[in-house]
Amino acid sequence: MNRQTRLGQHFLHSASIAKEIVSEARITRNDTVFELGTGLGILTPLLCKKAGRVISIDADRNLISAATTAMSGIKNLVLVAGDGLKSTDPFTIFVSNLPYSKSRDIMEWLALRSFSHGVVMVQKEFADKLMADISGRRAVSIITNYAFEMRHISNVDRNNFSPPPRVDSVILYLKKKNTMTRNQIQTINRIFSYRRKTIRNIFRQFDRDSDMDGRLDDMTGDEIVHLADEILR
């Protein structure tokens, strides 16, 4: 197993898909773009041509070192080696080929952030979870659908990556709808750990009383968020 595979790194090598992502991001010179996962830099120069400023972060210091050398002439680019989820830099547009193992963490982090919109590429199985009907919903799907209006852009075959992952991917457009709090997200995650219980019994897990009947599967996503808010009061 090579280092890239061990780290879960699958690099997009399709120029046409890279251009599609940047086009769908609808970037202007007034925008600051936050790119999570610089990778081999296939998206970064295209983003810089459109944006006023691009902040590109990768956890792999070797990739950032290579990008710094390759893109030293790009003046509106800031390259950072580190954990992008610890960044507090403001931005208006988010663009990322999400690392599969971090997809849930990143979507929760985005729910906390204030920005306009984003374009992300995710594993197809993860996209299916986000778009699932009531019976297949997870906490992350409730959080994501409350925080964003989501639109499917296109499917991406696994052979557009090097090395190819075992699964296909999906490009999604995210328009920020609601900015959430960390307490809301933590409470929704905990609520879903009790999803087979009645609403009344879920409240008891938080040392709260409720006369509500029914179960989570009887509720809309917004109602589940409001349930979390009621528990937090």
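The set of residues in segment 155-202 being in contact (Cβ under 8 Å) with a residue 24 or more places away in the chain, surrounded by fewer than 16 Cβ atoms within 10 Å (Cβ to Cβ) and farther than 18 Å from residue 100 by Cβ consists of 175, 177, 178, 179, 181, 182, 183. Residues of segment 82-91 include none that is in contact with a helix residue (DSSP H, G or I) (Cβ under 7 Å, 6 or more places away or on another chain) and polar (S, T, N, Q).
Does any residue of segment 161-171 turn out to be closer than 19 Å to residue 119 by Cβ and hydroxyl-bearing (Ser, Thr, Tyr)? Yes, there is a match, as at least one residue in segment 161-171 is closer than 19 Å to residue 119 by Cβ and hydroxyl-bearing (Ser, Thr, Tyr). The residues in segment 142-200 that are assigned to a loop (DSSP other than H, G, I, E, B) and of a type in the set (Val, Ile, Thr) can be counted, and the count is 4. Somewhere in segment 100-119, is a residue open to solvent by 50 Å² or more (accessible area, probe 1.4 Å), touching a residue at least 24 places away in the same chain (Cβ under 8 Å) and aromatic (Phe, Trp, Tyr)? Yes - at least one qualifying residue is present in segment 100-119. Only residues that are crowded, with 17+ Cβ neighbours inside 10 Å and assigned to a loop (DSSP other than H, G, I, E, B) were counted in segment 61-72, giving 1. Among the residues of segment 121-136 satisfying the criterion of being outside any helix (DSSP H, G or I) and surrounded by fewer than 21 Cβ atoms within 10 Å (Cβ to Cβ), which is modelled with the lowest pLDDT? Per the criteria, the residue is 133.
Across segment 210-220, the qualifying residues are those that are out of contact with any helix residue (DSSP H, G or I) (no Cβ under 6 Å at 6 or more places or on another chain) and in a loop (DSSP other than H, G, I, E, B), and the one among them that is least open to solvent (accessible area, probe 1.4 Å) is 219. Being open to solvent by less than 20 Å² (accessible area, probe 1.4 Å) and farther than 25 Å from residue 23 by Cβ, is that true of even one residue in segment 45-56? The answer is no; no qualifying residue exists. Scoring residue 45 on the criteria (1) part of a strand (DSSP E or B); (2) over 16 Å from the mean Cα position of the chain (by Cα) leaves a single failure, condition (1). In this structure, residue 223 does satisfy being open to solvent by 40 Å² or more (accessible area, probe 1.4 Å), under 14 Å from residue 146 (Cα atoms) and part of a helix (DSSP H, G or I).
When 35, 20 are screened for being within 21 Å of the chain's Cα centre (by Cα) and open to solvent by less than 20 Å² (accessible area, probe 1.4 Å), only 35 passes. Summed over segment 73-99, residues that are open to solvent by 30 Å² or more (accessible area, probe 1.4 Å) and within 12 Å of the chain's Cα centre (by Cα) total 3.
The values are calculated or read from the model by the stated rules, or taken from the named source; none is laboratory data. Predicted model only: the values in this text are computed from it and were never measured. All Cβ positions, even for glycine, are placed from backbone atoms using ideal geometry, and neighbour counts span all protein chains on display. Keep in mind that these areas ignore ligands, DNA and RNA; they rest on the heavy atoms of the full protein, side chains included. Shrake-Rupley method; radii C 1.70, N 1.55, O 1.52, S 1.80 Å.
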